[in-house]
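Read-outs throughout are calculated quantities, based only on the coordinates presented, and are distinct from any laboratory measurement. Just so we're clear, the structure is a prediction, and the values are computed from it rather than from any experiment. Cβ atoms come from the backbone with ideal geometry, glycine included; neighbour counts cover every protein chain shown.
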Amino acid sequence: MELIVLGCYGPYPPAGGACSGYLLEEGGCRVLLDCGNGVLSRLQQYLPLWELDAVVVSHLHSDHVSDLFVLRYGLELALAEGRRSAPLPLYAPAEPAAEFARLSYKDVYRVEALSAAAPPLQIGPFSFTFCETVHAVPCLAARVATPGGTLVYSGDTGYFDGLASFAAGASLFLCEANLQEKEMAQQPQPPRHLSAAAAARIAAEARVERLLLTHLHPARESALAVEEARPHFGAVEAAREGARYRV
């Protein structure tokens with residue numbers, strides 16, 4: 001599969017940047033993983049919005065879903081003009097309930113609730129399984145498998161024992177690294193985000209092939225995250241908006 005990074009910052013974008021959004025492509029199937037601020041504009045550099053096959057959302061914080069509320073207008077026009085013939089499948093955690101209810105708009109989305117306990121979700125060649133993370137609202141890490149490789153996306157999370165086993169052996173581990181190690185003691189307990197060093201330690205324990213740091217702090221150079229991570233896991237880089245990664 002191919003991963004295209006549309007946005008990689010949180011909880012807000014830097015000037016000219018975008019929040020979380022990742023386009024997965026395999027065999028002509030295109031799935032958008034998260035849809036934060038600025039992602040819709042970037043998406044259209046790669047395909048018309050009405051050609052999306054599905055959207056999968058890790059959790060319902062605004063920096064991961066805000067552009068869904070603009071995408072729906074584009075889909076409404078595409079349906080009315082015949083460029084799209086069916087609602088776009090949209091998968092998201094069901095809580096918080098009020099935020100989940102906001103996703104429905106006319107007939108542009110076919111909204112379905114995600115759960116870590118549910119059977120694997122098959123979207124074209126992509127097989128999704130999910131794992132609950134440690135965050136301020138319910139959030140799901142995603143393991144996305146195709147015959148050619150496996151991508152694991154952490155979503156937003158603090159450290160928990162099961163993340164390394166969930167990511168075990170992944171071809172590419174797309175992991176949040178919003179913090180630096182020195183900031184961890186000042187976080188709510190338990191922390192709801194990872195440092196770059198923690199992400200690297202999880203990658204090493206999971207024996208993944210490559211680590212791609214994301215959900216980067218918008219006011220900090222991404223090179224600092226890589227510098228902190230590399231002593232713990234060598235095959236690491238920071239996500240770059242517009243970059244393509246083969247998985």
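Within a 10 angstrom radius of the beta carbon, how do MET184, MET1 rank from fewest other beta carbons to most?
Working: MET184 17, MET1 23.
Ranking MET184, MET1 by Cβ neighbours within 10 Å, fewest first, gives MET184, MET1.
Mean projection of the Cα convex hull over all viewing directions, computed for region 2-244: 12.3 nm². Normalise the Debye intensity by I(0) for region 1-97, one equal point scatterer per Cα, no solvent, then take log10 at q = 0.12, 0.18 Å⁻¹ and round to two decimals. Log10 I(q)/I(0), no solvent term: -0.35, -0.80. Per-residue ellipticity at 222 nm computed for the chain from its helices equals -5500 deg cm²/dmol, with DSSP H segments shorter than 4 residues left out and the rest contributing -39,500 (n - 2.57). Placing R0 at 22 angstrom, the Cβ-Cβ distance between ARG83 and GLU112 gives a FRET efficiency of 0.45 after rounding to 0.05.
For region 1-95, which GluC sites (Glu not before Pro) are in a loop by DSSP, counting at most 11 other Cβ atoms within 10 Å?
Numbers: sites: GLU2, GLU25, GLU26, GLU51, GLU76, GLU81; in loops: GLU81.
Answer by residue number: GLU81.
Where both bridge residues fall in region 2-244, DSSP classifies roughly 50% of the beta bridges as antiparallel. Label positions at TYR73 and GLU51, each projected 7 Å from the Cα along the C-beta direction, are separated by 2.4 nm. For ALA243 and SER62, the FRET efficiency from 1/(1 + (r/R0)^6), where r spans their Cβ atoms and R0 equals 30 Å, is about 0.80. Centre-to-centre, using Cα atoms only, region 168-194 and region 64-124 are separated by 28 Å. Whole-percent P(r), region 50-165, all Cα pairs, 5 Å bins from 0: 2, 11, 21, 21, 19, 15, 8, 3, 1, 0.
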